Amino acid sequence: MSLIQSRFFFTLLTLALLLALPTPSAFAQSDAAAAAAPPPTPVRVAVVRSESLAPRKKVFGDLRPARYSTLAAEEAGIVCALLVREGEVVERDAVIARVDGARLAVELANNTRNLAAAKATVAEKSANFSVMQRHLALLTTAAKEGGANPREILDAQSTLETSKSQITQATAMLELIEGNAEFLAIRGADLEIRAPFRGVVTKKHTEIGAWLGAGDPVVDLAETTVLEASLEVPQELFEAAVAEARRMASNPSAASPIEIRDALDHSVQAFALRLIPAIDPRSRTFRAILDVANPDGALAAGLTLTAYVPAGAAQLRLLVPKDALLRGDAGPFVYAVRNGLAMPVNVQIAFPFGNFVALEVGSLSATDSVVVEGNERLMPMSPVAAMTAITAEAAK
C-alpha cells in the first residue's frame with residue numbers, strides 16, 4: 001500500500017472514532033434522564049418473625065341468640081294494647097302487651113266486698129266469744145256461792161266452745177278471701193306481658209283486639225347483647241378441645257385464642273368455651289359453643305362463621321401482618337424489601353392469628369422485611385425507601 005493510501009485510511013479511521021464518541025449534548029441528555037427518574041417510594045415495613053404455633057384446622061359454624069323465647073299470655077282475655085313492633089329492641093321488664101282486665105276488675109271488687117264482710121263476721125264472732133267468756137265467769141262465781149246450778153255452767157261452757165268454733169270458721173273464711181285477693185292481684189299483674197330480658201322482637205303472634213287464651217304466644221324475643229358461636233368441629237379434635245375448655249374454665253372472661261371470623265370477614269371475639277360431648281353419627285363432628293359479646297348490635301344471629309381451631313403440636317411458623325397481604329392472579333403475595341427494591345413474593349397462608357397470618361414454608365425468611373403501608377401503589381422491582389421499621393408481634 002502506498003503512503004498516500006495509508007494516510008487516507010488513517011484519516012477515515014480517526015473520523016469514525018470521533019463520530020462514535022458521545023457529544024457533550026448526549027452527556028447532558030443522560031444526566032437529565034437520570035434526574036427525571038422517580039425517587040424511591042416511601043413505604044412502611046414490618047420485620048417477619050417466627051413463632052412456635054400449633055397448627056390450626058378450619059371449621060365452620062354460625063351465630064345464634066344466647067336466649068330466644070316465645071312470650072306467652074298468663075291471663076286469658078282480649079288484647080287491648082300491643083306496644084312493640086317486629087325488629088324493635090326492648091329493655092328488660094318493658095311492657096310488651098296488655099290484656100283487657102274488665103272482668104278481673106269485677107272479680108276483684110266482689111272479693112273486696114267479701115273481704116269486708118268476712119272481717120265484720122270475725123269481729124262479731126270475737127265479740128260474742130267475749131260475752132260468753134264473761135257469762136261463764138259470772139256463773140262460775142255464783143256457783144261457788146250456791147247461786148247457780150251445774151247445768152247452767154255446762155250450758156255456758158258449751159256455748160263458749162261453739163262461739164270459739166265460729167271464730168275459727170270465720171277466721172278461716174277471712175284468710176281464704178285474703179288469699180284470693182292476693183291471687184287476683186297476681187292475675188292483675190299478669191295482664192301485662194313483660195320482656196324477661198333485653199332483646200329484639202323477631203315475630204308477633206297476635207294483634208290488638210285478638211283473643212288470647214292462657215298460654216297463647218304473644219311475641220318472639222331474641223337476645224342480641226350476647227350471642228353464641230356454634231361451631232361444628234371434627235371428632236379428631238375433641239381431645240384438644242376438651243383440654244382448651246378446661247384451660248378456659250379457670251378464667252371464663254378471658255378471650256378465646258380460637259380465631260373466628262364472620263361472613264363479612266370481621267374478627268369475632270369469643271369467650272367461655274363449652275362443648276357438647278356427643279359426636280354426630282353422620283358428619284362425625286361435635287359442637288363447640290362460645291359466648292360472643294355484641295353490645296353495639298354489629299353482629300346478627302345466623303351469620304356464617306369460619307374458625308381456626310388448634311389441632312396438634314406446636315411448630316415454627318412465619319408471621320406477617322395482614323396489612324402486608326395482597327392478592328394477585330397467582331394468589332396472595334407480599335412485597336419483600338431486598339436491596340432497596342420491592343420484590344413480590346408469593347405466600348401460602350396457613351391460618352390467621354390475630355392481626356397476623358401464619359405462613360406455610362415458602363420463599364420468605366425471618367430476616368425479611370415486608371411492606372405493610374404503601375404496598376397498594378407499588379410495582380414489582382420498584383425502588384422503595386423504608387421510612388419506619390417495626391417488628392411484627394403476634395397478638396396473643
- Could you work out which residue, out of L53, L318, L115, moves most in a Gaussian network model of the chain, that is, has the largest mean-square fluctuation with Cα springs under 10 Å? L115
- Note on the structure: Karplus-derived 3J(HN,Hα) from phi for region 68-77 (6.51 cos²θ - 1.76 cosθ + 1.60, θ = phi - 60°), whole Hz, x at Gly and Pro, runs 9, 9, 9, 6, 10, 7, 8, 10, 6, x
- Calculated mean projected area of the Cα convex hull in nm² (choose from [x] 18.8; [y] 20.3; [z] 44.8), label: [z]
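Relative contact order for the chain using alpha-carbon pairs under 8 Å, separation at least 6, rounded to a whole percent?
Values: 737 pairs, mean separation 110.4, N = 396.
Answer for the chain is 28 percent.
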- Calculate the spin-label point distance for C80 paired with V95, positioning each point 7 Å from the Cα along the beta-carbon direction, and give it in nanometres. 1.0 nm
- Across region 265-282, in residue order, what do the Karplus-derived ³J(HN,Hα) couplings come to in whole Hz, using 6.51 cos²θ - 1.76 cosθ + 1.60 with θ = phi - 60° and x for Gly and Pro? 6, 8, 6, 10, 8, 10, 9, 6, 6, 10, 10, 9, x, 8, 8, 5, x, 8
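How high is the relative contact order of region 180-322? Use alpha-carbon pairs under 8 Å, at least six apart in sequence, and give a whole percent.
24 percent
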- Task: With a 1.4 Å probe and every protein chain kept in, tell me what percent of the accessible surface of the chain is carbon plus sulfur.
- Result: 57 percent
- In sequence order, what are the phi-derived ³J(HN,Hα) couplings for region 308-313 according to the Karplus relation 6.51 cos²θ - 1.76 cosθ + 1.60 with θ = phi - 60°, rounded to whole Hz, with x for glycine and proline? 10, 9, x, 8, x, 6
- Task: Name the long-range amide H neighbours of A342: under 5 Å, sequence gap of 5 or more, or other chain; modelled H, no Pro or chain starts.
- Result: M381, S382, V384
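Rounded, prolate or oblate: which one fits region 191-275, using the alpha carbon gyration tensor with axes a ≥ b ≥ c (rounded when a/c is under 1.5, else prolate when a/b beats b/c, else oblate)?
Here region 191-275 falls in the prolate category.
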- Item | Accessible surface of I279 - all protein chains present, 1.4 Å probe, nearest 10 Å² | 60 Å²
- Message: Using alpha carbons only, how many angstrom separate the centre of region 114-145 from the centre of region 164-215?
- Response: 38 Å
- Message: Compute a Gaussian network model of the chain, connecting alpha carbons closer than 10 Å, and tell me which residue from R187, R261, R327 fluctuates the most.
- Response: R327
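Between L275 and N180, what FRET efficiency follows from the Cβ-Cβ distance if R0 is 56 Å, with the result rounded to 0.05? Working shown, then result.
Details: r = 50 Å, r/R0 = 0.89.
After rounding to 0.05, the efficiency reads 0.65.
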- Summed side-chain charge close to A81 - residues other than A81 whose Cβ falls under 14 Å, Lys, Arg +1, Asp, Glu -1: 0
- Run the quick spin-label model on A243 and Q157: label points 7 Å from Cα toward the beta carbon, then report their separation in nm to one decimal. 8.7 nm
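Which helices of the chain meet both criteria: a Cα extent of 30 Å or more along the helical axis and a mean Kyte-Doolittle score no lower than -0.5, with helices taken as whole DSSP H segments?
Details: long enough: 102-144 (64 Å, 0.10); 150-189 (59 Å, -0.08).
The answer, listed by residue number, is 102-144, 150-189.
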- Message: Using the Cα centre of region 53-115 as origin and beta-carbon charges of +1 (Lys, Arg) and -1 (Asp, Glu), tell me which of A76, A105, L53 is placed farthest towards the positive end of the dipole.
- Response: L53
- Task: Give, rounded to the nearest 20 debye, the magnitude of the charge dipole that region 285-332 has about its Cα centre when Lys and Arg contribute +1 at Cβ and Asp and Glu contribute -1 at Cβ.
- Result: 180 debye
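Where only protein heavy atoms count, and the probe is 1.4 Å, what is the accessible area per residue for region 295-337 in Å²?
On the way: 2130 Å² over 43 residues.
Ligands and nucleic acids excluded, the result is 49 Å² per residue.
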- Message: Please compute the length gained on full extension between T70 and A255, using 0.36 nm multiplied by the number of residues separating them and subtracting their Cα-Cα distance.
- Response: 63.5 nm
- Options V371, A255, N355, ranked by Cα towards positive dipole end of the chain, top entry (Cβ charges): V371
- Message: If R₀ is 41 angstrom, what is the calculated FRET efficiency for the pair R284 and A366, using the beta carbon separation as r and rounding to 0.05?
- Response: 0.60
- Once the dipole of the chain is set up with Lys and Arg at +1 and Asp and Glu at -1 on Cβ about the Cα centre, which of L176, N339, Q133 lies farthest towards its positive end? N339
- Size of charge dipole - region 179-223 - debye, nearest 20, with Cβ of Lys, Arg +1 and Asp, Glu -1, no other charges: 100 debye
- Item | MRE, 222 nm, helices only [DSSP H, n ≥ 4, -39500 (n - 2.57), over the chain, to nearest 500] | -11500 deg cm²/dmol
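The values are calculated or read from the model by the stated rules, or taken from the named source; none is laboratory data. The shown structure was predicted, so the numbers you read here are calculated from the model rather than taken from an experiment. No Cβ is skipped: glycine too gets one built from the backbone with ideal geometry, and neighbour counts run over all protein chains shown. Remember, those area values only see protein heavy atoms, side chains included, never the ligands or the DNA or RNA. Shrake-Rupley method; radii C 1.70, N 1.55, O 1.52, S 1.80 Å.
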